[in-house]
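Heads up: the structure comes next, in structure tokens.
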Amino acid sequence: MEFSQLRIFQAVAEEGSITRAAERLHRVPSNLSTRLKQMEEQLGVELFVRERQRLQLSPAGKVLLDYSTRLLALHDEAHGAVQGGQPAGDFVLGSMYSTAAIHLPKLLAQYHKAYPMVNLQVQSAPSGELLEGLITGRLDAALVDGPLTLATLDGVPLCEERLLLICEADHPPVRGPQDVAGRSVFTFRRSCSYRARLEAWFSHDRVAMGRAIEIESYQGMLACVIAGSGVALMSESMLDSLPGKHSVSIHPLAEPFAHATTWLMWRKGMLGANLNAWIDLQQQGKTRPEQEARAIA
């Protein structure tokens, strides 16, 4: 097997679709289909099964995905090592949606300009899914809601976010969860850490949270709240970036729910040249990451 085949296989496994994988790799779908078929013929097994218009990994495919993740990581590590530790090769960074929209653009521009040999890819998802990607090796680093109590990860803080509950414009002041009891809540899926924080806010005062309606964008959440359909939680920086922010009422939460810190996390022992370069830009003159990295036990 070639490394190019493994990258195609990994992309299709993660996307669940040849078409979406082709878009991600900037190739035509027919090329990916041919390469996957060649892999299956070489291995003598089926790597995927089709279920409900989505490609799912077969048992053999799940085994290969674990090996391919480790092989590709070693390949990129070796590539960087022989180039004298200079940033190069693939670097896959995960990010929460709000962080990707608000805090990443400037960092991405600086990184691309400083390290053109790095193929930097950004994958956005809720914190829970990003952590899974870190642990399995699918992601090299991730910007998540933290700090985290996982002994296998290290990290440094990126920024602190102020959390706000938003309601329709004429909603009376919200002093606690009892003031929005029974209202529908617009949120991301269950792996979203902000959703977990909101659930904890209700639970803290022993108030039942209303029906959770999952929406995959902050713009969609804001539109639903403006229409008076329910409430939502988002960071102040995210709300400030959205058109229509003046069409809702804003209600800061009381401590300990008023703030959240976004952390850059990575697996222990995986602080390579690409990640070091990213941390240097992010920290902007702070202590070296080897000194500042915190083992969260």
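Checked against (1) in a helix (DSSP H, G or I); (2) within 16 Å of GLY272 (Cα to Cα); (3) outside the structural domain of ARG7 (by TED's automatic domain parsing); (4) not small (Gly, Ala, Ser), PRO105 passes all but a single condition, namely (2). VAL49 - would you say it is more than 25 Å from PHE91 (Cα to Cα) and either in a helix (DSSP H, G or I) or out of contact with any Lys or Arg (no Cβ under 6 Å at 6 or more places or on another chain) (or both)? Spelling it out, VAL49 is indeed more than 25 Å from PHE91 (Cα to Cα) and either in a helix (DSSP H, G or I) or out of contact with any Lys or Arg (no Cβ under 6 Å at 6 or more places or on another chain) (or both). One residue stands out among those in segment 215-250 that are without any contact (Cβ under 8 Å) to a residue 60 or more places away in the chain and either closer than 12 Å to PHE188 by Cβ or aromatic (Phe, Trp, Tyr) (or both): the one that is surrounded by the most Cβ atoms within 10 Å (Cβ to Cβ), which is MET221. Of the residues making up segment 125-147, those that are touching a helix residue (DSSP H, G or I) at 6+ places or on another chain (Cβ under 6 Å), of a type in the set (Gly, Ala, Ser) and either modelled with pLDDT of 90 or more or in a helix (DSSP H, G or I) (or both) are SER127, ALA141, ALA142.
Take the residues in segment 148-202 that are assigned to a helix (DSSP H, G or I) and aromatic (Phe, Trp, Tyr), then tell me which one is surrounded by the fewest Cβ atoms within 10 Å (Cβ to Cβ). The extreme case among them is PHE202. Looking across segment 216-252, the residues that are acidic (Asp, Glu) and assigned to a helix (DSSP H, G or I) come down to GLU236, ASP240. Being over 20 Å from GLN5 (Cα atoms), surrounded by fewer than 17 Cβ atoms within 10 Å (Cβ to Cβ) and modelled with pLDDT under 90, is that true of even one residue in segment 65-76? No, that holds for no residue.
The values are calculated or read from the model by the stated rules, or taken from the named source; none is laboratory data. Computed from a prediction, not measured in an experiment: that's the story for all the values here. Glycine gets a Cβ as well: all are built from the backbone with ideal geometry, and neighbour counts include every protein chain shown.
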